[in-house]
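Everything on this sheet refers to the single structure shown next.
Throughout, read-outs are computed from the coordinates displayed, never taken from laboratory work. Not measured: the values here are computed from a predicted model. For neighbour counting, all protein chains shown are included, and Cβ atoms are generated from backbone atoms with ideal geometry for every residue, glycine included.
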């Protein structure tokens with residue numbers, strides 16, 4: 001059987017890009033796509049450029065690859081690079097002059113942390129390391145000592161502790177150790193998307209381990225993204241993304257370790273120092289990768305009772321949350337876009353209206 005057409009589907013929160021074929025009746029056309037795969041930020045990043053001349057696509061891909069390698073070096077918390085030097089300076093009570101791009105990223109992280117009410121906070125790098133989630137591979141061995149977790153959490157490292165003097169960054173709290181894993185992928189894909197568009201690339205998709213930014217469309221079709229089912233291999237549904245949209249998923253089903261039958265995920269509540277357990281997956285549809293990435297983490301921490309207010313405060317209105325008992329919760333804006341997988345959703349989706357933003361949402365403007 002020959003394909004009638006090819007529609008590209010990305011598995012959000014999953015492991016790459018798959019082709020779906022529909023119908024029959026005419027010979028397959030040559031693939032007009034240019035593919036590039038890189039390993040950065042602890043995951044595979046796949047770039048697909050559609051419809052561009054081969055030379056232009058190759059040059060753009062090479063420039064994106066060089067950008068990613070630079071960001072991986074400079075934004076990695078535990079390797080030699082700008083962020084590592086900044087962390088070392090903070091630990092000694094000093095400050096460090098970063099490049100403008102990193103300083104801007106940290107300002108953005110402080111604003112997003114503030115809007116989340118502290119549920120997203122990249123200042124907890126020492127806690128991330130204590131749990132063993134600072135490596136690319138999942139941690140093994142015993143749990144960290146509970147007293148050590150409590151002691152670090154009590155020192156309350158927060159993004160609000162940072163102080164900026166131009167591009168020079170310091171902290172009033174030496175317990176701050178920055179780990180940008182909660183939103184660096186989103187920021188990097190945003191920068192890569194802007195680079196591609198500046199080079200005249202009109203149609204492309206960037207997929208970093210299932211976190212997706214799209215530019216334009218795939219020919220006469222939208223880029224289509226499937227949201228992974230966190231309990232079984234497959235998808236709970238799919239979304240056709242409009243040009244400029246992003247879809248980010250944060251989940252506990254890939255980076256975790258188990259102890260005495262309990263699963264401890266890489267998403268840590270900055271307030272307690274302990275991993276999130278109630279929520280297994282949060283997907284955010286938005287137009288900004290940094291915000292979607294940070295919000296998916298913050299809403300996982302917020303849990304099923306607090307998340308609507310946090311979503312409203314962070315300015316995201318299309319959210320799908322899946323709890324550890326299989327409950328699916330979605331905003332009206334998300335359910336309007338989410339197409340169920342074959343056979344329907346795994347269970348009925350509870351629609352959750354978002355409240356107005358709280359007064360605390362103004363903190364980013366202060």
Could you list 53, 82 so that the one with the fewest beta carbons within 10 Å of its beta carbon is first and the one with the most is last?
53, 82
Please work out the FRET efficiency for the pair residue 147 and residue 59, using the Cβ-Cβ distance as r and a Förster radius of 45 Å; give the result to the nearest 0.05.
0.25
Rounded to 0.05, the calculated FRET efficiency for the beta carbons of residue 92 and residue 342 at R₀ = 45 Å is 0.20
Residue 305/residue 44 FRET efficiency (R0 41 Å; Cβ-Cβ; nearest 0.05):
0.75
Ranked list, fewest to most other Cβ atoms within 10 Å of each Cβ, for 284, 310, 232:
232, 310, 284
Relative contact order of the stretch 1-358 (C-alpha contacts under 8 Å, at least 6 apart) in percent is 17 percent
In what sequence do 142, 339, 245 fall when counting other Cβ within 10 Å, fewest first?
142, 339, 245
